Amino acid sequence: MTDTKTAPASPARPAARRAVTVRKQRSAVGKQAWVYGGLILAGAATILPFVWMLLGSFKTQGELLRRPVTWWPQDPTLDNYVRWFSDLHIDLFFMNSLIVAVVTVLGNLLFCSMVGYALAKMDFAGKKVLFLLVMVTLMVPGVVTFVPLFVMVSKLGLVNTYPALILPFLVSPLGVFLMRQFMMGIPDSLIEAARIDGAGELRTFTGIVMPLCGPPLATLGILTFLGSWNNFLWPLVAAQSEDKYTLPVALSLFSTGQSATDYGLLLAGSVLVIAPIVALFICLQRFFIQGVASTGIK
């Protein structure tokens, strides 16, 4: 009987496999390094202007105009902020912006939700045409309707009033589209069960649909607040007296003179304008991400 012996595995093969594995790992690490490097550069390019704005708000006008440019304030001062609160009464402009933004947000949350519910869960004649009209309106630039809108507001005698700053923006096509897309994902069985139990459309809307719409409502609220808070051109035209100025209008008019720009005052005002937006986004960012994701997945 002949003994058969298995030939030992060549030691070169495991070594070659280890070499291939090491090369793949190094390649993956290299790709990750490039990705992280790109993200760091993009993040730095995004954050640096805001850092410059914040640091510049504590500088004097002379230091801001000095060359070479200095990043860190050499003689930090709060004069720019003091002037906004003492001489320019920023509390009035802040309150105007807050009233306009809050009422606009509440109007969009209510009316966009109602229209979105009707387009998503109700059957009526002209439903598709109405939704097509909303989509067409979404693609129309705001500049096109600017002059007709001002003429309408002027004919109604609303110029230089809060309704002039609020009414044109109580409903937005983007908000209707956002709410409609989310409500399309709500099971029809829930709504049919409510109707069978005798609930009317208003009760179904407020008691069944709206409690499920937290993420898209937060998303719509953030987007609407951001647009209203930063709106400049329309308040500049519709508000014709200082007591109705919003923050962006006051920032533009008071920091830019006829012959020179007060850069310190401008930077301090910019910090005061964006601070509420940053705080709002930090508080609601989780709902914002959920709302954007949920309206895009069907």
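Structure notes:
- Out of 126, 142, one residue alone is closer than 30 Å to residue 94 by Cβ and surrounded by fewer than 14 Cβ atoms within 10 Å (Cβ to Cβ). It is 142.
- Taking each residue of segment 131-147 that is within 23 Å of residue 164 (Cα to Cα) and looking for partners that are basic (Lys, Arg) with beta-carbon atoms closer than 9 Å, six or more apart or interchain, yields 134/180.
- All of 239, 268 fail the test of being over 15 Å from residue 89 (Cα atoms) and touching a Phe, Trp or Tyr at 6+ places or on another chain (Cβ under 6 Å), apart from 239.
- Some residue of segment 116-137 being closer than 30 Å to residue 265 by Cα and in contact with a helix residue (DSSP H, G or I) (Cβ under 6 Å, 6 or more places away or on another chain): no
- The number of residues in segment 209-236 that are β-branched (Val, Ile, Thr) and either surrounded by fewer than 17 Cβ atoms within 10 Å (Cβ to Cβ) or within 16 Å of residue 273 (Cα to Cα) (or both) comes to 2.
- Residue list for segment 162-174, restricted to those being assigned to a helix (DSSP H, G or I) and either open to solvent by 50 Å² or more (accessible area, probe 1.4 Å) or out of contact with any Ser or Thr (no Cβ under 7 Å at 6 or more places or on another chain) (or both): 162, 163, 164, 165, 167, 168, 169, 174
- Filtered residues of segment 59-76 (kept if open to solvent by less than 60 Å² (accessible area, probe 1.4 Å) and in contact (Cβ under 8 Å) with a residue 40 or more places away in the chain): 59, 60, 64
- Here is the figure for segment 88-102: residues that are in a helix (DSSP H, G or I) and open to solvent by 30 Å² or more (accessible area, probe 1.4 Å) total 7.
- Of all residues in segment 1-57, exactly one satisfies the criterion of being more than 30 Å from residue 74 (Cα to Cα), at pLDDT 80 or above and among the hydroxyl-bearing types (Ser, Thr, Tyr), namely 36.
- Pair list, Cβ under 7 Å, 6 or more apart: segment 211-233 residue in contact (Cβ under 8 Å) with a residue 12 or more places away in the chain, other residue part of a loop (DSSP other than H, G, I, E, B): 212/186; 224/172
- Filter result for residue 72 (part of a loop (DSSP other than H, G, I, E, B) and out of contact with any Lys or Arg (no Cβ under 7 Å at 6 or more places or on another chain)): yes
- Boolean, residue 186 is surrounded by 12 or more Cβ atoms within 10 Å (Cβ to Cβ) and either over 25 Å from residue 52 (Cα atoms) or modelled with pLDDT of 85 or more (or both): yes
The values are calculated or read from the model by the stated rules, or taken from the named source; none is laboratory data. The structure displayed is predicted, hence computed values, not measured ones. When we count neighbours, we look across all protein chains shown, and the Cβ atoms used for this are built from the backbone with ideal geometry, even at glycine. Areas reflect the complete protein model, heavy atoms only, side chains present, ligands, DNA and RNA absent. Shrake-Rupley method; radii C 1.70, N 1.55, O 1.52, S 1.80 Å.
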